[in-house]
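*Asks:* Got a structure for you, written out below as structure tokens; questions coming shortly.
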Amino acid sequence: MQRGKFLKATLIAAAATVALLGAHPVSAKTFTWANDGDVSSMDPYARNETFLLSFMANIYEPLARRNRELKLEPALATKWEQANPTLWRVTLRQGVKFSDGTPFNADDVVFSVNRANGKGSNVAGNLVSVKEVRKVSDFVVEFDMKYPDPLLIDKLVQIGIMSKVWAEKNNAQFSADMTKNEENFATRNANGTGPFVVKTREPDVKTVLAPNPTWWDKPEHNLTEVVFQRIANDATRVAALLSGEIDMVYTVPPQDTDRIAKTSGRRVLEGPETRVVFLGFNQQVDELPESNIKGKNPFKDKRVREAFYRAIDVEAIKRTVMRGQSRPTALMIGEGLGGYDKSMDVRPKYDPELSKKLLAEAGYPNGFETGMDCPNDRYVKDAAICQAAVSMLAKIGIKVDLLAQTRSKYFAKILRTASDIEKSPNTSFYMLGWSPGATYDVHNVFESLIQSPSAATKKGLFNAGGYSNAKFDELADKIGQETDVPKRNAMIKEATKIYLDDYAYIPLHQQVLVWAAKDSVDLFQPADNYFPLRYVKIK
């Protein structure tokens, strides 16, 4: 994709509806699709990861959801209003039932919000501004806020509502902590109000869904069954699409895009994604857990972080690893989202010779050794990107011991829950990707990734390396409450300059979103990489 085309794309323009028409038996309503990684859990709060949140949104519904234009619309709530700056009142939909027949009411909302904000949950970052949620009547709840939060309803889009009765009956009152490899009944079972229900579940193999016959909304899909398969191998996954074994591939390897596009009866769906993929440093501990440097942490020295940054050739990664399917960036927020500032999206020059000088000035003329954590089934070409970074860093004397694992093992190692967010990180150097899918706004990035990790405030929950800057924290808190747009934008600019000047992270690129499907499938591809099955039709 050409850079100019990418830069002109907006979030809404990227959320294109793609009509794929062709010959397919009218009676065949089973939709089979595949991804390189599995849904890690059936618990909607188990992990704040797009694929899990997207998959489970077909089963568990939030109070408000996004439509085809990515605008908010009522779901389990019919209306919401700010009674005053720190009080939201939400009216709930009546006549809704969970798939086990249990009626939905305010008790379920209060329970779900508290569970999402409780131990084991990985989505508590969406609720940091909530002081209390309380039941007013069977179909009215109120959110008492710690401070004004104009984006609360947007954040609640990622909180699927669970049945209080079902969870308590099955001893799943709390989310199983995946960072500790815990499980409970909700890990492998589900009971939502959404358009689909879980029929069978084989972790890391296959999950089968069926339409929810008691769904309150009118189905736009025509499916009688949905079969999701995990096919980890790229070549096998693509071959399954080309042979007709499956109908759609959620993650298309860049090297296979042209071949699929040229195949009769197949179509590639492509557009800019909201996600930014980046590298992070452990800046919290006094001694790295995986390094030959003892008694100090090289990453606490800004010169070392800059040296790493300037040693990574993102244009080479775009050209050789991503096959052109990326947009290199200097920012932690993707183009087209709230708070993106093109004038600040200028990367420091790739300069490995300067990197060597910076390392020498910092006291590491011969470099040093460090571990690195990376997934191998989460982001497009994730392991290959990390391998490329390892080779580039070797040229400046850095020896990297790369550990590339499946997403379940990888996330369990590098992420921490709210209760242990202030403990020492388990990683030295890592890859992560982030899309502010709840709000499409930079404050989500600031609050989740860059603010200091805090168990008390539940901010910085995905700041896996413990970067901390008091002035940045102060600005981020103000940005979250400010409604005056010019004032807010000025603070965003100031906060952005802080993390850029600190070389807090190494942003790599904004991914290109690439799916592929048969011509006989009609589906909708939003820029946040969610996959709403309620829009899928087989012709």
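*Asks:* Relative to the Cα centre, what is the charge dipole magnitude of the chain, using +1 at the beta carbon of each Lys and Arg, -1 at the beta carbon of each Asp and Glu, and rounding to the nearest 20 debye?
*Replies:* The calculated dipole for the chain is roughly 740 debye.
*Asks:* While we're here: Taking a temperature of 37 °C and a viscosity of 0.692 mPa s, what whole-number D in µm²/s does Stokes-Einstein yield for the chain with Rh from Kirkwood over alpha carbon pairs?
*Replies:* It comes out at roughly 138 µm²/s.
*Asks:* Along region 175-188, what does the Karplus equation 6.51 cos²θ - 1.76 cosθ + 1.60 (θ = phi - 60°) give for ³J(HN,Hα), rounded to whole Hz, x for Gly and Pro?
*Replies:* After applying 6.51 cos²θ - 1.76 cosθ + 1.60, I find 6, 5, 7, 6, 5, 10, 6, 7, 9, 8, 4, 6, 5, 10 Hz.
*Asks:* Treating cross-link reach as a plain straight distance, find the lysines whose alpha-carbon is under 27 Å from the alpha-carbon of LYS262, omitting any fewer than eight places away in the same chain.
*Replies:* Once the sequence-local lysines are set aside, what remains near LYS262 is LYS5, LYS8, LYS29, LYS318, LYS381, LYS518, LYS537, LYS539.
*Asks:* Using the Cα centre as the reference, give the magnitude of the dipole from point charges on the C-beta atoms of region 221-299 (Lys, Arg: +1; Asp, Glu: -1; all else neutral), rounded to the nearest 20 debye.
*Replies:* Dipole of region 221-299, to the nearest 20 debye: 140 debye.
*Asks:* If you don't mind, there's one more thing I want to ask. Calculate the radius of gyration of the Cα atoms of region 73-231 to one decimal place, then report Dmax, the largest Cα-Cα distance, as a whole number, both in Å.
*Replies:* Over region 73-231's Cα set, Rg and Dmax evaluate to 16.5, 50 Å.
*Asks:* Turning to a different aspect of this structure: What FRET efficiency do you get for ASN292 and MET344 if R0 is 45 Å and r is their Cβ-Cβ distance, rounded to the nearest 0.05?
*Replies:* 0.80
*Asks:* Sticking with this structure for a sec: What residues have an amide H closer than 5 Å to that of THR224, excluding those fewer than 5 places away on the same chain, when H is modeled at 1.01 Å from N in the peptide plane?
*Replies:* LYS29, THR30, PHE31
*Asks:* According to the Kirkwood expression over distinct Cα-Cα pairs, how big is the hydrodynamic radius of region 408-493, in Å?
*Replies:* Kirkwood radius, region 408-493: 13.7 Å.
*Asks:* Return the long-range amide H neighbours of VAL252 (sequence gap of 5 or more, or a different chain), with a cut-off of under 5 Å between placed amide H atoms.
*Replies:* Amide H to amide H, under 5 Å and 5 or more residues apart or across chains, VAL252 pairs with VAL514.
*Asks:* Given a 1.4 angstrom probe, what's the average accessible area per residue across region 88-203, in square angstrom?
*Replies:* Dividing the accessible area of region 88-203 by its residue count gives 39 Å².
*Asks:* Taking every DSSP beta bridge that has both residues in the chain, what percent is antiparallel when rounded to the nearest 5?
*Replies:* Beta bridges within the chain, antiparallel portion: roughly 80 percent.
*Asks:* Beyond 19 Å between alpha-carbons counts as too far, so tell me which of LYS302/LYS471; LYS97/LYS218; LYS155/LYS423; LYS349/LYS395 fall in that bin.
*Replies:* LYS155/LYS423
*Asks:* Between ASN222 and THR78, how many nm apart are label points set 7 Å from Cα along the C-beta direction?
*Replies:* About 3.2 nm separates the two model spin labels.
*Asks:* Would you check the accessible area of THR257, probe 1.4 Å, heavy atoms only, in square angstrom rounded to 10?
*Replies:* Its accessible surface works out to 10 Å², give or take rounding.
*Asks:* What area, in nm² and to one decimal, does the C-alpha convex hull of region 291-362 cast on average over all directions?
*Replies:* 6.7 nm²
*Asks:* Suppose R0 equals 25 Å. What FRET efficiency, 1/(1 + (r/R0)^6) with r the Cβ-Cβ distance, do ARG134 and LYS169 give to the nearest 0.05?
*Replies:* With R0 = 25 Å, the Cβ-Cβ based efficiency is 0.60.
*Asks:* Note down, for region 25-158, the three equivalent ellipsoid semi-axes (square root of 5 times each alpha carbon gyration tensor eigenvalue), biggest first, whole angstrom.
*Replies:* Values for region 25-158, descending: 28, 18, 15 Å.
*Asks:* Summarise the accessible area of region 264-321 (1.4 Å probe, protein heavy atoms) by the percent that is carbon and sulfur.
*Replies:* That fraction is 41 percent.
*Asks:* Which FRET efficiency value, to the nearest 0.05, is calculated for GLU183 and LYS97 with the Förster distance at 35 angstrom and r the Cβ-Cβ distance?
*Replies:* Given R0 = 35 Å and the Cβ-Cβ separation, E is 0.85.
*Asks:* Let me ask something additional. Write down the radius of gyration of region 216-343 and its Dmax, each obtained from C-alpha positions, in Å.
*Replies:* Using the Cα atoms of region 216-343, the pair Rg, Dmax is 21.2, 62 Å.
*Asks:* Hey, another quick one. Roll a 1.4 Å probe over the protein heavy atoms and report the accessible area of PHE51 in Å², nearest 10.
*Replies:* Result for PHE51: roughly 0 Å² accessible.
*Asks:* Further, regarding this structure: About its Cα centre, what dipole magnitude does region 432-522 give when the only charges are +1 on Lys and Arg Cβ and -1 on Asp and Glu Cβ, stated in debye to the nearest 20?
*Replies:* Around 100 debye, computed over region 432-522.
*Asks:* Right, something else. Could you pull out every residue, at least 5 positions away or on a different chain, whose amide H is within less than 5 Å of the one on GLN405? Hs are placed 1.01 Å off N in the peptide plane, and Pro or chain starts have none.
*Replies:* When sequence neighbours closer than 5 places are left aside, the close amide H contacts are CYS374, ASN376.
*Asks:* Quick one: net charge of VAL485's neighbours, Cβ under 13 Å, K/R +1, D/E -1?
*Replies:* Summing Lys and Arg as +1 and Asp and Glu as -1 gives 0.
The values are calculated or read from the model by the stated rules, or taken from the named source; none is laboratory data. Only a predicted model underlies this, so the values are computations on that prediction, with no experimental measurement involved. Cβ: placed from backbone, ideal geometry, glycine included. Neighbour counts: every protein chain shown. Side chains are part of the model used for accessible areas, which takes the heavy atoms of the whole protein and leaves out ligands, DNA and RNA. Shrake-Rupley method; radii C 1.70, N 1.55, O 1.52, S 1.80 Å.
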